[in-house]
Amino acid sequence: MSIRLMAAIGLVAVAGCYGPRSGPLSPGEFARTTAGPAGRGSAKQGPPPALRVMGEPVLPPGAAGAATNEPAMNVRPRIIAAGMILSITVEEDRSLSRQIVVPNSGAIDYPPLGRLEVAGLTPDEVAQQIKTQLERDYFKTATVRVAIEGSAVGGGVVYVLGSVNRPGPLLLPNDERFTVTKAIIAAGNLATFGNGGKVKLIRYDEAGKKYETIIDVTRIMKRGEFEKDIPLRNGDWIIVPEKLINF
């Protein structure tokens, strides 16, 4: 083999070592490569994307398309989603009037009626639901009003899909370090066949470049290795696969 040929092979081998890498990054590489604002609101992240519940956009107050004080014709009713602040008024008993933030589960606790599913409904539908139950058990006639007073949206939205009990969008709180493990817990935890050892986290940078890594959530939970848990950012996607079962 000639000296020139050997030199050319050596250059190709060296170039291969430094060429673009394919496949998921390790959690450590992922965190370093996509370092930036995490878990809490940041001006650089911009406003959180609009959620869609039952096909209807749900916008934070002040966003384009959000409710304003200006009169409008044929305005479609707003749909209730997690993070919204509901004002409930019962004229016959003001002790039952209160403001409640809709949690990620989409259900509120409203004494004396207990747990009410409100996400995906309009305020009028929730008011009718409360009115019906109050008139059945407590009042001859109940006058109930429900209104959306605002939004408690903090650091944005992440999406949990796959084998969890409540897949869908989750609001990022702006007052805590919200991680992959916390998001899975908020999504109702792993489903029966959810593979917590191979949870995929996908993130896009400002240029639209995609990064992904695999996180062993089961190990983090069992061993308490929370330092290995990755803080989430606005727009992150978490995908939980199912376990492969051999019969």
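What follows draws every value from the coordinates through simple rules; no lab data is involved. On a predicted model such as this, the values are computed, not experimentally measured, just so you know. Here the Cβ positions follow ideal geometry from the backbone for every residue, glycine too, while neighbour counts run over all protein chains shown.
Computed values, structure above
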item	result
Environment charge of Ile202, counting only residues whose C-beta is closer than 10 Å and scoring Lys/Arg +1, Asp/Glu -1	+1
Rg over Rh [alpha-carbon atoms, Kirkwood Rh] for the stretch 77-151	0.94
GluC sites (Glu not before Pro) within the stretch 186-247: DSSP coil, no more than 16 neighbouring Cβ in 10 Å	Glu206, Glu225
Relative contact order computed over the stretch 77-151 (Cα-Cα under 8 Å; 6+ residues apart), in percent	40
Flagged links, alpha-carbon separation over 20 Å, of Lys198/Lys228; Lys200/Lys243; Lys182/Lys209; Lys209/Lys243	Lys182/Lys209; Lys209/Lys243
